[in-house]
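K.L.:
The structure under discussion is supplied below as structure tokens; questions concerning it will follow.
The values are calculated or read from the model by the stated rules, or taken from the named source; none is laboratory data. None of the values given here were measured: they were computed from a predicted structure. Backbone-built Cβ (ideal geometry, glycine too); neighbour counts: all protein chains shown.
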Amino acid sequence: MILEVEDARGNKVFKKKQTLSKFGIASADFQLADEVNMGTFTLRAILPQSQVEKKVRVERYVLPKYKVALKTEKPYYLPGELVKGTLSANYFFGKPVSDGAVTLNIRTIDVGVTSLKELKGKTDGKGVYKFEYTLPQFFVGQPFEQGKAIVELEASLKDTADHQQEGRLSVPVVKAPVQLTLVPENKVIVPGVEHRLYIAAGTAHGTTLKEATLTITNDFEYSFMHKTERGATQTQKSLSRRNPISPALFCG
């Protein structure tokens, strides 16, 4: 595996070849220089047949005078849904940042960072700015996020004394509110041999679904319904029409 780092201008600032462990894990340390190109860096892992990337922000640390917090009504959204959220800002001595100028950039990641919308407004007397944005109908899922797409909310707030502070929030975008993960006990499924399959059910933001009813079908025209316990279920079946699927509970 080759591990690479590109800075905000596309310069390759790190490259190292590593051997995967028996568990398929490799790691490397990268030390930032004292002077770097601030912005979005790209972390990349390259294998002979595929590669994955992750974007991270690199910025200078500035001691803040007040705190900016972003919050959306929902922990995740579907493509095309209306995102409603608030920005709230308070000085560290407790007073709200009222009448502050807000610039909210909404971005997503596909092959790079793509800007979707820029919103502007002002905080009210309680230091709050409310915003709405309708998501596009199409997104690119990210391998590091288990196929979820990511919408990044980046807010810049300037108070009446011209002090500027930023806040960020990443919101997942999923194609369905329920996420199912199917894991076979063995990678190779042999006809006529009994196999065990594990099915995990959860919400898009990671909460397990307890007592959910699963309807499971296969190419051999068998189907059944089964309730999960602690967000997971197990089934054993033989790939033969003579043996119907009989589920057993898996509490993992």
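K.L.:
Just the residues that are under 16 Å from TYR61 (Cβ atoms) and either outside any loop (DSSP other than H, G, I, E, B) or of a type in the set (Gly, Ala, Ser) (or both), please, taken from segment 9-40.
P.N.:
ALA33, GLY39
K.L.:
Right, here's the next one. In segment 22-51, how many are surrounded by fewer than 10 Cβ atoms within 10 Å (Cβ to Cβ) and at pLDDT below 90?
P.N.:
Adding up the residues that qualify gives 9.
K.L.:
Also, quick follow-up: Working only within segment 139-179, note down all residues that are surrounded by fewer than 16 Cβ atoms within 10 Å (Cβ to Cβ), part of a loop (DSSP other than H, G, I, E, B) and of a type outside the set (Gly, Ala, Ser).
P.N.:
Once the filter is applied, which keeps residues that are surrounded by fewer than 16 Cβ atoms within 10 Å (Cβ to Cβ), part of a loop (DSSP other than H, G, I, E, B) and of a type outside the set (Gly, Ala, Ser), segment 139-179 yields VAL140, GLN146, THR160, ASP162, HIS163, LYS175, PRO177.
K.L.:
To continue, here is another question. Any idea which of TYR91, TYR61 is in contact (Cβ under 8 Å) with a residue 24 or more places away in the chain and aromatic (Phe, Trp, Tyr)?
P.N.:
The unique qualifying residue is TYR91.
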